[in-house]
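The values are calculated or read from the model by the stated rules, or taken from the named source; none is laboratory data. Predicted, not measured: the structure shown is a model, and the values here were computed from it. Cβ sites come from the backbone with ideal geometry, for glycine too, and all protein chains shown count toward neighbours.
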Amino acid sequence: GGGRAPEAARTRTTCGYCGVGCSLDVLTRDGEVIAVSPAHDGPVNRGHACVKGRFAHGFLRSPERLTGPLLRRAGRLRPASWREALDHVARGLRAAVAAGGPGAVAAISSARATNEENYLLQKFMRVVIGTSNVDNCSRLCHSPSAAGLTATFGLSGGTDGFDDVETADCLLLVGANPAEAHPVVGARLLQRTLRGARLVVADPRAVGLARYADVHLRPRPGTNVALFHGLAHVMLAEGLVDEEFLRHRASGLPELTALLEDYSPERAAAVTGVPAGDIVAAARLFGQAERPAIVYGLGVTEHLHGTDGVRTLSNLAILRGAVGTGRGFGVNPLRGQNNVQGASDMGALPDLLPGYGKVTDPAARARAEEVWGAPVPPRPGLRIPQMFAAARSGELRALWVIGEDVCATDPDSTLVAKALDACPLVVCSELFLSETARRADVVFPVASWLEKEGTFVNFDRRFQRVRAALRPPEGVLTDFEVIHALAATLGADLGCPTPADALDECARLVPAFAGLSHGRLDREGAVCWPCPDPDRPGESSLYRERFATPDGLAHLSAAPYLPPGEQPDDRYPLVLVTGRRWAHYNSGGMTRRTDNLRLDPVDRVDVHPDDAARHGLRDGDRVRVESRHGSASLIARLSDDVAPGQVFCAFHFPSSGVNALTSDRADTVTSCPEYKVTAVRLTALTKD
Ligand code: SF4
């Protein structure tokens, strides 16, 4: 005896960082993670993972981890028992409803949390509070994809399973930097390119894959729609379209054809700054491909006209007959957060129930009422930006924010902070004392993705299991447990006591999820929705027979190009684009508390050398970045990845205040912020 270390336990789970959904094997011993290895049989990652999923788990044992509730007393957050914290919140919720009705309460659900937690939270808000004031961070990233893809094809998700990209012969990558933000997808796209697919990259920046592109289109930020129309113009003019498909499976061609007369390559070039010859070359590559694929990111959605961007990008796939036919890889958004698809699928949205039934549709409500045994509020609730506006005006009296650092990641953070300060009860569920938690009245300490059971849905609509590799620290509950506990404190019983029960209940409610259960996912590993039948596989590629629109057709969009909301001028001559870098994830709440901090210790602003020279800036200088909305202090990085006249930075370090710069202007359809276009100026602060 003695001396031998206990056996390590191995837990198969799904990465909790980005929406790729890599399968990971987590090795633990004595309550510690000792290694994370990518699963060789993971359906998306096939043995690969990135620096985040593989190495960024040290946050679990960070000394800053919250291990007990906090309650604001005499102006300061102080430790409290769960009983005290829950009672305080229950009293506050009752007071808010008494003063302003159920609509005076709102919740921001979490795309980090599981499907089951999102399902339970929206049920809590609708059934226990009696309001549809529930939203999730897809509002800030891919709500234009949800709206645009639904209007175009009928369902709110990518059109095809990612495996189909393996047979694509031309990849059109738009407004995404998968080499850093979705590295496993980036690696698979690169593999496909190296094996012979043509690659067109459309992005203002020289993103990682642009180096391998046949054509790199660099539109001015905010001019996507003109670029897509320019490409469509060339495809139509040169007959690079699928006429049979357009005749039988699409609508809107006459309107689009008429509109496109105004979008010659020369006109599109004048608007976008992309040379007309490049537009023609890219249109030919895409239009002549047998199996073209469109993969896009937030560079398409986070605009004043982001929904138009998604729809007019989709035009290209429709014109080519590359969607719903098995030819090509359709139109596919790279989702940011691990479970942002699932949070919306589960109905954590103010206008939509689980499975995307409209709250205004009596039939959809009746179905939910039957399963829940309770009335469902018929009025759409507030979207996240509207919640903040309602808090500032005094109409919103209680806000519960789960796992989202809204003070760091939402646009125009000065206004967000004012909203939280004005709201009588702010509750925050968090791992750490985030910028948002600091402003809360009650903080619930909750479990991370490595400490709970449930499911996530990745970017290609795949349900995968999430399993607890570790128990949460003493005093910490899962979001699932907290939602139940708060309901019980209010005297309500939400049913579905376990996460498996919650998915079962959701499957009874939503026909597209009817074939899903934890048991099935444990046996099969991953199942795509729609999956109406427990004995049949889910559908990874959609629309083979018909589109899910009311008339069964794909709808071409004839939306004209409209300029972005932010325009540079003499005072703010540069355009700031924000995005993500390789080692960190969003506000960095987790990754900054791991060894990844050493890989990337600070937010930097990329400045083109010509602009740097004009401002007297050297690499490493501290620089003040100012917009019409606020200012931030960053380290300059000289780089010709950005075009002259543009600067780029991430927002991984809340202390740098990048989102004080961005505006609260938003997509006219979905309220998704215009993060990708902010007029700024630079001032050198030090030279060291
Ligand atoms: Fe996790 Fe995304 Fe990296 Fe895969 S690519 S390991 S899902 S962060």
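Looking for something touching a strand residue (DSSP E or B) at 6+ places or on another chain (Cβ under 6 Å), assigned by TED's automatic domain parsing to the domain that holds MET125 and within 14 Å of the ligand (Cβ to nearest atom) - is there at least one such residue anywhere in the range 100-111? Taking every residue of the range 100-111 in turn, at least one turns out to be touching a strand residue (DSSP E or B) at 6+ places or on another chain (Cβ under 6 Å), assigned by TED's automatic domain parsing to the domain that holds MET125 and within 14 Å of the ligand (Cβ to nearest atom). Taking (1) under 30 Å from THR668 (Cβ atoms); (2) more than 16 Å from the ligand (Cβ to nearest atom); (3) in contact with a Leu (Cβ under 8 Å, 6 or more places away or on another chain) in turn, ALA80 satisfies each apart from (1). A residue that is in contact (Cβ under 8 Å) with a residue 40 or more places away in the chain, touching a Pro at 6+ places or on another chain (Cβ under 7 Å), crowded, with 24+ Cβ neighbours inside 10 Å and assigned to a loop (DSSP other than H, G, I, E, B) occurs nowhere in the range 223-240. Tallying residues that are assigned to a loop (DSSP other than H, G, I, E, B) and within 22 Å of ARG54 (Cβ to Cβ) within the range 167-206 yields 3. When the range 501-513 is filtered for residues that are touching a residue at least 24 places away in the same chain (Cβ under 8 Å) and part of a helix (DSSP H, G or I), the ones remaining, listed by number, are ALA502, LEU503, GLU505, CYS506, ARG508, LEU509, PRO511, ALA512, PHE513.
Is it fair to say ALA422 is within 23 Å of CYS141 (Cα to Cα) and in the same structural domain as ALA95 (by TED's automatic domain parsing)?
The answer is no for ALA422.
Filtering the range 589-605 to residues that are surrounded by fewer than 20 Cβ atoms within 10 Å (Cβ to Cβ), touching a residue at least 40 places away in the same chain (Cβ under 8 Å), not in a helix (DSSP H, G or I) and not β-branched (Val, Ile, Thr) leaves ASP595, ASP600.
Could you look through the range 54-72, keep only residues that are within 16 Å of the ligand (Cβ to nearest atom) and either more than 27 Å from the chain's Cα centre (by Cα) or in contact (Cβ under 8 Å) with a residue 60 or more places away in the chain (or both), and pick out the one that is surrounded by the fewest Cβ atoms within 10 Å (Cβ to Cβ)?
The selected residue is GLY58.
For the range 160-181, the set of residues classified as crowded, with 24+ Cβ neighbours inside 10 Å and out of contact with any helix residue (DSSP H, G or I) (no Cβ under 9 Å at 6 or more places or on another chain) consists of ASP160 only. Of all residues assigned to the range 366-373, none qualifies as being closer than 17 Å to LEU553 by Cβ, in contact with a helix residue (DSSP H, G or I) (Cβ under 9 Å, 6 or more places away or on another chain), aliphatic (A, V, I, L, M) and touching a residue at least 12 places away in the same chain (Cβ under 8 Å). Residues in the range 566-585 that are in a loop (DSSP other than H, G, I, E, B) and surrounded by 23 or more Cβ atoms within 10 Å (Cβ to Cβ) were compared, and the one that is farthest from the chain's Cα centre (by Cα) is GLU566.
Checked against (1) modelled with pLDDT under 95; (2) surrounded by 15 or more Cβ atoms within 10 Å (Cβ to Cβ), ARG544 passes all but a single condition, namely (2).
Answer yes or no as to whether VAL44 is assigned to a loop (DSSP other than H, G, I, E, B), in contact with a Gly (Cβ under 8 Å, 6 or more places away or on another chain) and outside the structural domain of PHE463 (by TED's automatic domain parsing). Explain how you work it out, then say what you get.
Numbers: assigned to a loop (DSSP other than H, G, I, E, B): yes; in contact with a Gly (Cβ under 8 Å, 6 or more places away or on another chain): yes; outside the structural domain of PHE463 (by TED's automatic domain parsing): yes.
Spelling it out, VAL44 is indeed assigned to a loop (DSSP other than H, G, I, E, B), in contact with a Gly (Cβ under 8 Å, 6 or more places away or on another chain) and outside the structural domain of PHE463 (by TED's automatic domain parsing).
If you go through the range 460-496 and keep only what is in a strand (DSSP E or B) and of a type in the set (A, V, I, L, M, F, W, C), you end up with PHE463, VAL466, LEU477. PRO380 falls short on exactly one of the conditions (1) more than 21 Å from the chain's Cα centre (by Cα); (2) outside any loop (DSSP other than H, G, I, E, B), and that condition is (2). None of LEU516, LEU521 is surrounded by 19 or more Cβ atoms within 10 Å (Cβ to Cβ) and outside any loop (DSSP other than H, G, I, E, B) except LEU521.
Condition check ((1) more than 26 Å from the chain's Cα centre (by Cα); (2) modelled with pLDDT of 95 or more) across all residues:
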residue	(1), (2)
SER434	no, no
PRO445	no, yes
GLY475	yes, yes
PRO497	yes, yes
ALA502	no, yes
GLU505	no, yes
GLY515	no, yes
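Based on this model, can you work out whether VAL359 counts as more than 19 Å from the chain's Cα centre (by Cα) and over 24 Å from VAL669 (Cα atoms)? Criteria not met by VAL359. Candidates are the residues of the range 1-50 that are more than 11 Å from the ligand (Cβ to nearest atom) and of a type in the set (A, V, I, L, M, F, W, C); the one that is surrounded by the most Cβ atoms within 10 Å (Cβ to Cβ) is VAL26. Give the residue that is nearest to GLY565 (Cα to Cα), with candidates limited to residues of the range 217-245 that are aliphatic (A, V, I, L, M) and in contact with a strand residue (DSSP E or B) (Cβ under 9 Å, 6 or more places away or on another chain). Among those residues, the one meeting the criterion is LEU227.
Among residues of the range 3-26 that are part of a strand (DSSP E or B), those with a Cβ under 6 angstrom from a residue that is among the basic types (Lys, Arg), sequence gap 6+ or separate chain, pair up as THR11/ARG467; THR13/ARG467; ASP25/ARG10; ASP25/ARG12. Answer yes or no: is there a residue in the range 413-426 that is farther than 21 Å from ALA74 by Cα and in contact with a Ser or Thr (Cβ under 9 Å, 6 or more places away or on another chain). Yes, the conditions are met somewhere in the range 413-426. Evaluating ARG392 against the criteria (1) closer than 22 Å to ALA111 by Cβ; (2) part of a helix (DSSP H, G or I) leaves one unmet condition, (1). Can you pull out every residue in the range 334-364 that is buried (at least 19 other Cβ atoms within 10 Å of the Cβ), farther than 19 Å from ALA514 by Cβ and not small (Gly, Ala, Ser)? Residues satisfying the conditions are LEU334, ARG335, GLN337, ASN338, ASN339, VAL340, LEU349, PRO350, VAL359. Restricting attention to the range 524-541, the residues being surrounded by 16 or more Cβ atoms within 10 Å (Cβ to Cβ) and under 24 Å from THR13 (Cβ atoms) number 8.
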